[in-house]
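One structure is given here, and the rest of the page talks about it.
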Amino acid sequence: MGTAKSISALIVISCFIITQASAGNFVLHIFGNANMDDRIDENDLEFIRMVIQGEKSATELCDADHNGVVDASDITQVERIINGTATEITVIDSDGNVVTLPQPLERLVIYNHQCAEVLQLMGVDDRVVGVRDTFAEQRNRFPRLSQVTSIGSGGEPNIEAILKVKPQVVLAYTFYPVEDALDAKLPPDVKVLRLDCECSGIGPDAMREKITMMGYIFGTQDRAEKYLKWHDAIVSQVEERVKTIPEDKRVRVYLESTPEGSNPQTSRTAIGSGHAANKLIEMAGGVNIAVGHLPKYLDTPTEYGEIETEWVISQNPDVIVGRAMGKGIRPYENVNSSLLQSYDREIRNLPGFDRVKAVQDGRVYIITNDYAVTPNYPSALLALAKWFYPELFQDVDPVAAHQEYVNMMGLDFDVRTRGAFTFHAGNSS
């Protein structure tokens, strides 16, 4: 077995585990969701009444107005949330922070690309007044947001630039920008909301909850429901077929990311449990060979780090999936797949990889992070499932599913003829 070496580079991970019920039955973490289900409705009003009367015990989310007391004012707040007249709404974000947001929410600064796609899905990207500098180079993916005032990099947040555009809320990643550089330096009236807007390590319910939450935050529940109908149809289709595959018949997959180590010829950057990309592999019916053989990323439960190529060779995986990300990898902007082809060749030409079954069988696949680790993940899930089990999924069309998603975002973009989202060379040399 090869040794695993930790790395310190910042990566796209989803590692915060929120309170949830069983799969397919998520808890919507908005105060006022008294009965802890997936919505705020008349049932929550009745639940709070019963708590006040001593007939039920209070839950964490009963205190709808978040003032420390469950009383009649919470009934009023839930009524206002339901009818869209609340002046504020309190949520628990992906970092576990309790955040009270003004309503209506009309001025945002955003760092988070995945959540920016959700804003487009919700039809509220016109409420963004400032963006991270990386939006400017993504005009196809973010037609309007790429034109919005840049507030600079997230590495060293420019607080002056943020305050100049007068936001009510800054929408950030769970891990970026770091709290000491952002939250601690903003005035109390500018809220920071940290959300994971992808299929995180806990699975589809993470995405279901965040889409539902943002529907309430922006008053766009109808758009949230439209996305979830698309999402659930695809995820359910894959789940139903994958569960028919015996465990001992499932493909063994080596999953890696664009190399970050100093010697990529002998050491690769692999992805394990807790990571959104690994969750996609598992949902598609793959068995990730690196799970349990990688370091934890910093102080998180997510496995991500260096692993020796000799160990990968010894495991002889059926399939190799490379997650392409980093400099130059902008799948909606790239005019061809040359960068993905280069990554594919790099993997197949690694010393000794000509002996690996995946390479011999032409089963090396490249998938881009901005295609797969986003709210679009169901179409990427279809692609992975079809790669892993082509006969079982021969009738599905991942590209058509992706186009439906792009259409929901309101983009004038044909994914069949533009962009570079995946690459498969087959048995070519």
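Values quoted throughout were computed directly from the atomic coordinates according to the rules given, and no laboratory measurement underlies them. Everything numeric in this text was worked out from a predicted model, so none of it was measured. As a convention, Cβ positions derive from the backbone with ideal geometry for all residues, glycine included, and neighbour counts pool all protein chains shown.
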Which of the peptides 287-300, 304-317 is most tightly packed, and how do the rest follow, judged by the mean count of other Cβ atoms within 10 Å per residue?
304-317, 287-300
Separation of alpha-carbon centers, segment 185-246 and segment 263-327, rounded to whole Å
24
Lys56 and Asp41 label points (each 7 Å along its Cα→Cβ direction) are spaced in nm at 1.4
Note down the relative contact order for the chain as a percent, whole number, built from C-alpha pairs under 8 angstrom at least six residues apart.
16
So between Arg107 and Arg345, what do we pick up on full extension, going 0.36 nm a residue minus the alpha carbon distance?
81.2 nm
Straight-line reach from Lys185: which lysines fall under 30 Å, measuring Cα to Cα and dropping same-chain residues less than 8 apart?
Lys164, Lys166, Lys210, Lys296, Lys327
How large is log10 of I(q)/I(0) for segment 288-358 at q = 0.14, 0.16, 0.26 Å⁻¹ when the intensity is taken from the Debye formula with one equal scatterer per alpha-carbon?
-0.58, -0.73, -1.17
For segment 42-231, what is the convex hull volume of its Cα atoms per residue in Å³?
128
Between Asp248 and Leu392, what length in nm is gained on full extension when 0.36 nm per residue of separation is reduced by their alpha carbon distance?
50.2 nm
What FRET efficiency, computed as 1/(1 + (r/R0)^6) with R0 = 22 Å and r the Cβ-Cβ distance, is obtained for Thr100 and Asp180, rounded to the nearest 0.05?
0.55
